[in-house]
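> Input: one structure, supplied below.
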Amino acid sequence: MRWLSTQRRVRDAHVKRVCYCRSSSCGPFALETLCKVSGDLVHEARATLKEIGLTSSRTSRRRKSIRAWATAGWAALPPASSTRWRRCATPRWATGSLRLWDLYPGDRSDGGQREIASSWLKLRNVWETPRGNVRYVVRFAGRTEADASAKTTDPHRWVATEDIHAIGFDQLIPGNRSPTVNHLRLWSGRAITPFHIEAFNAGDYTGAVREQIDAKNLSRVLYPDDSTPQGRELRLKQQYFFVSASLQDILANHLGEGRTLDTLPTASPFS
């Protein structure tokens, strides 16, 4: 209810909303921040940590260790959940990528390090709410076309694109002693046509779901290895996917509130 009230206040009063865009939505400070801001949860958090063999002081000391947080299984929130954000009454909006796997350093027998994948969402994040009505088409590849008599400054059509859906998943971030409830919107890729029965019946079982696999790969792992051409291409696609979905969402909300494009820099500044 407080989140809905915040959205209505922003819409009706045309107040300023600060937008924070960051593809990496991982920050190992969520539990510590929560304990500092919401004092009532300190004892409950300590009891939960004790049940899994950890103490809050030990966890705080090891907060810079990504592996410690992955092992503890805590869903990390971005800087949007920091103490400063929680204590600010100004409506804020943050975006990130909903990755299915986290990478953290592991030790090798020769003394070096290697990356280990952790399926931290295999049991689902109960704090995330899928927004089925928040989806945007992100286009890749294709070519531009124009009439034969068109000039270079005339509009061109972007055709023959490879389209996927960007689906929003929200995490609500309540303000401390404030009526404002902000939200973090994470983007996940989905194929527009996730399954092709014709290819499946023809025996091409992998090809039948290839579009869904490619779409989910955009948010399966953040910052994949870029030592190969495929890895560099995936990184570029990830960045474009995240930026396109976030900008489309910002513009849709801004124009949906009856505002004009010339007021965007002051009404919804983002970084």
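> Counting Lys +1, Arg +1, Asp -1, Glu -1, what net charge surrounds residue 131 among other residues with beta carbon under 15 Å of its beta carbon?
Charge balance in the 15 Å sphere: 0.
> I need 169, 270, 195, 242 ordered by Cβ neighbour count within 10 Å, fewest first.
Working: 169 19, 270 16, 195 11, 242 26.
Neighbour counts put them in this order, fewest first: 195, 270, 169, 242.
> At R0 = 25 Å, how high is the FRET efficiency between residue 235 and residue 200 if r is their beta carbon distance? Nearest 0.05 is fine.
Numbers: r = 31 Å, r/R0 = 1.23.
According to the calculation, E is roughly 0.20.
> For region 1-15 and region 226-260, write down the distance between their C-alpha centroids in whole Å.
25 Å
> Arrange 187, 127, 158, 93 by Cβ neighbour counts within 10 Å, fewest through most, would you?
Numbers: 187 29, 127 14, 158 11, 93 23.
Ranked by crowding around the Cβ, least crowded first: 158, 127, 93, 187.
> Please give the residues of region 128-163, grouped as numeric ranges, whose backbone N is less than 11 Å from a label point set 7 Å along the Cα-to-Cβ vector of residue 252.
What the label zone holds, given the 11 Å backbone N cut-off, is 131-138.
> Sorting 172, 261 on the 10 Å Cβ count, fewest up front, what's the list?
Numbers: 172 14, 261 9.
Ascending Cβ contact count within 10 Å gives the list 261, 172.
> Place a +1 charge on the Cβ of each Lys and Arg in region 112-271 and a -1 charge on the Cβ of each Asp and Glu, then give the dipole magnitude about the Cα centre in debye, rounded to the nearest 20.
Value, rounded to 20: 500 debye.
> A follow-up question, please. Skipping prolines and chain starts, which residues have an amide H placed within reach, meaning under 5 Å, of the one on residue 115, given they are 5 or more residues away or on another chain?
Amide H neighbours of residue 115, under 5 Å, 5+ apart: 106.
Taken together, the values in this text are just the output of simple stated rules run on the coordinates, not laboratory data. As the structure is a computational prediction, the values presented were derived from the model and not from experiment. Virtual Cβ from ideal backbone geometry, glycine too; neighbours counted across all protein chains shown.
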